[in-house]
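Q: To start, I am sharing the structure in question, which I have written as structure tokens.
Nothing in this text is a laboratory measurement; each read-out follows from the coordinates by a stated rule. From a predicted model like this one, the values you see are computed outputs, not experimental measurements. Here the Cβ is made from the backbone with ideal geometry for all residues, glycine too, and neighbour counts use every protein chain on show.
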Amino acid sequence: MKEIYQIELVKAGNLTAEENEIVSRYWLVKDGLFCEKPSEIAKNRPLSTLEVSKIAKKHGHLLITNKCSCCQTERKLKATSQALTKRYLISSWDCDDCAKEKKVAKKERLELIEIQLKEDRANKFQKAIAEKSWTKFSKEELHALLQMLQAPTAKHLIAGLIKLNDKSYWKILHKANIHGMVDLVKKDGFYITDYTYPTNITEMIQEYLESISLNNPPNEFSSPVHPEMGFRLVKNKNSRSAEDALYFNDVTFDRDILIKANTLYSYSVWPRENGDAWISITPSDNILKSKNITRPNGPQHVGDVIKKWKY
Ligand SMILES: [Zn+2]
């Protein structure tokens, strides 16, 4: 390949024979590459590699004439180090003016992208609030989302989700992203690196949750997300005789639970710590649907799940 640049070695006057040799060998370039490393020149001399470089740089430099790959202007460049020489000799070398211009253009392009992203995000959030996106979520999903929004950073959120090891929470997060309740920043279109959400979104969700628990419309969801139910049976510590209750406590539910007549339900009681137990009641066809596999821990009450979220 024909080189488009010229190289001229400029040496200081009155050099000793040794200095002259060091300078000539140090700055010798062939096909765009330095012929020798300073360590090779230092071999068989009472000089260190660093001292060789010092002598070479003190008594010589290169004058390189190269054309800017951008504006094609010919420039004479003073190269006072091998690193600088390598930079000036690459075929895509840009003059300072063009390099600066390109840098400014790149910065402007990035700024434009950033502005566009911010605008898109603002529109997304605005639409979500106007459409009251939270009404498309179940109570359980909103409770879980509220917990997620408490994460101080995206890192904490991801760590929390991984710890829970339950795909349904990731689904809630992605659903929230689709419906504009959060905006996930993804790397390579996949890895979540950051997230934002509309200001006051938690207040709006909480307000909505309060409003539906006040109205408590029956059969609000035509197909309940969790048709099964379960709660903890607290051991009756005051039991004195075999006739006393084994478990004794009060319980409240955060939603209406419809038990249908003439429908088969499966119930199971699971041991818990301190002699307590967990009862779960599930429509039998639900269990058949999940391939007849009984779950070792039974269904979880949303309150129990939320307690797991600790940042
Ligand atoms: Zn240029």
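Q: Run the helix sum for the chain: -39,500 (n - 2.57) per DSSP H stretch of 4+ residues, divided by residue count, reported at 222 nm to the nearest 500 deg cm²/dmol.
A: -13000 deg cm²/dmol
Q: For Cα pairs less than 8 Å apart in space and 6+ apart in sequence, what is the mean separation divided by the residue count of the stretch 6-94, i.e. the relative contact order in percent?
A: Taking the mean separation of contacting Cα pairs over the length of the stretch 6-94, I get 30 percent.
Q: Quick one: which of 40-46, 255-261 comes out on top by average Cβ neighbours within 10 Å, and what's the full order, highest first?
A: 40-46, 255-261
Q: Now a separate question. What are the residues whose amide H is under 5 Å from the amide H of residue 183, where those residues sit 5 or more places off or on another chain and H is modelled from the backbone?
A: 196, 197
Q: Check residue 265: other-chain or 5+ apart residues with amide H under 5 Å from its amide H, H built from backbone geometry?
A: It is 284, by chain and number.
Q: At 7 Å along the Cα-to-beta-carbon direction for both residue 175 and residue 18, put a label point, then send me their distance in nm to one decimal.
A: 8.1
Q: Same structure again: Please list the non-local residues whose amide H lies under 5 Å from the amide H of residue 236, H modeled 1.01 Å from N, same-chain partners needing a gap of 5 or more.
A: Result for residue 236 returns 247, 248.
Q: A further question follows. Efficiency by 1/(1 + (r/R0)^6): what FRET value for residue 108 and residue 154, r their Cβ-Cβ distance, R0 = 25 Å, to the nearest 0.05?
A: 0.35
Q: Which aspartates and glutamates have a Cα less than 19 Å from the Cα of residue 106, not counting those fewer than 8 places away in the same chain?
A: Those aspartates and glutamates meeting the cut-off are 94, 96, 97, 114.
Q: Follow-up question, since we're still on this one. Obtain the nm distance between the two label points defined at residue 212 and residue 6 by a simple spin-label model: each point lies 7 Å from its Cα along the Cα-to-C-beta direction.
A: Inter-label distance under the simple model: 8.0 nm.
Q: How would 188, 244, 183 line up from fewest to most surrounding beta-carbon atoms within 10 angstrom?
A: Working: 188 6, 244 10, 183 19.
If I rank by nearby Cβ atoms, fewest first, I get 188, 244, 183.
Q: Show me, for the stretch 141-155, the HN-Hα J-couplings you get by feeding each phi into the Karplus relation (A = 6.51, B = -1.76, C = 1.60, θ = phi - 60°), rounded to Hz, glycine and proline as x.
A: 5, 5, 4, 5, 5, 4, 5, 5, 5, 7, 4, x, 9, 4, 4
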